[in-house]
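Heads up: the structure comes next, in structure tokens.
The values are calculated or read from the model by the stated rules, or taken from the named source; none is laboratory data. These figures come from a predicted structure and were not determined experimentally. Note that each Cβ is placed from the backbone with ideal geometry, even for glycine, and that neighbours are counted across all protein chains shown.
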């Protein structure tokens, strides 16, 4: 098996996408847990009740949404960054800098075909997530709800891909592709 060398631009795009996805996951995690509008509304209500003040549940939810809005704005900004990074990822092969994944090449092993198909499925899912996110933000308001329903499914493929990707990298590092982590981090074969 030939050793893959990763160019500087490839590594920058790879890590830019990885960090952006991690930050997006953090905003999703916060929105679903501590910064959940119901939790924030309960915290506000508990505080107000200690001061003999009260708001209706609807008012509490509106206030909770306003409190967490700056955090959610970061999700939107990161979505724009990811759109830019993925656009670069798809444009660079035309300049010979990065290659497209082609699982239909003859003489590929099952493992290589699996890897390439996994990336193609991942890219398709990311494009769907980015398009639905852009429609939610910039498109007609009557499409917002159906696009949100599709967009929310993004978390499932993303977590599955991250698990498969990290698992595959760790297996490769300790079996057939020693130094893969060093090459994607520093561009050299020197192992940590």
Report summary line: residue 53 meets each of (1) outside any helix (DSSP H, G or I); (2) modelled with pLDDT of 90 or more; (3) outside the structural domain of residue 27 (by TED's automatic domain parsing) with one exception, condition (3)
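Of these, 13, 17, 43, 61, which one is farther than 29 Å from residue 165 by Cα and in contact with a helix residue (DSSP H, G or I) (Cβ under 6 Å, 6 or more places away or on another chain)?
The unique qualifying residue is 61.
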Report task. Answer yes or no as to whether residue 18 is within 30 Å of residue 86 (Cβ to Cβ) and either assigned to a helix (DSSP H, G or I) or without any contact (Cβ under 8 Å) to a residue 40 or more places away in the chain (or both). Result -> yes
Report task. List the number of the failed condition for residue 105; all other conditions in (1) in contact (Cβ under 8 Å) with a residue 12 or more places away in the chain; (2) outside any helix (DSSP H, G or I) hold. Result -> (1)
Query raised in the report: Which is surrounded by 15 or more Cβ atoms within 10 Å (Cβ to Cβ), out of contact with any strand residue (DSSP E or B) (no Cβ under 8 Å at 6 or more places or on another chain), in contact (Cβ under 8 Å) with a residue 40 or more places away in the chain and within 21 Å of residue 183 (Cα to Cα), of 30, 24, 92?
Result: 92
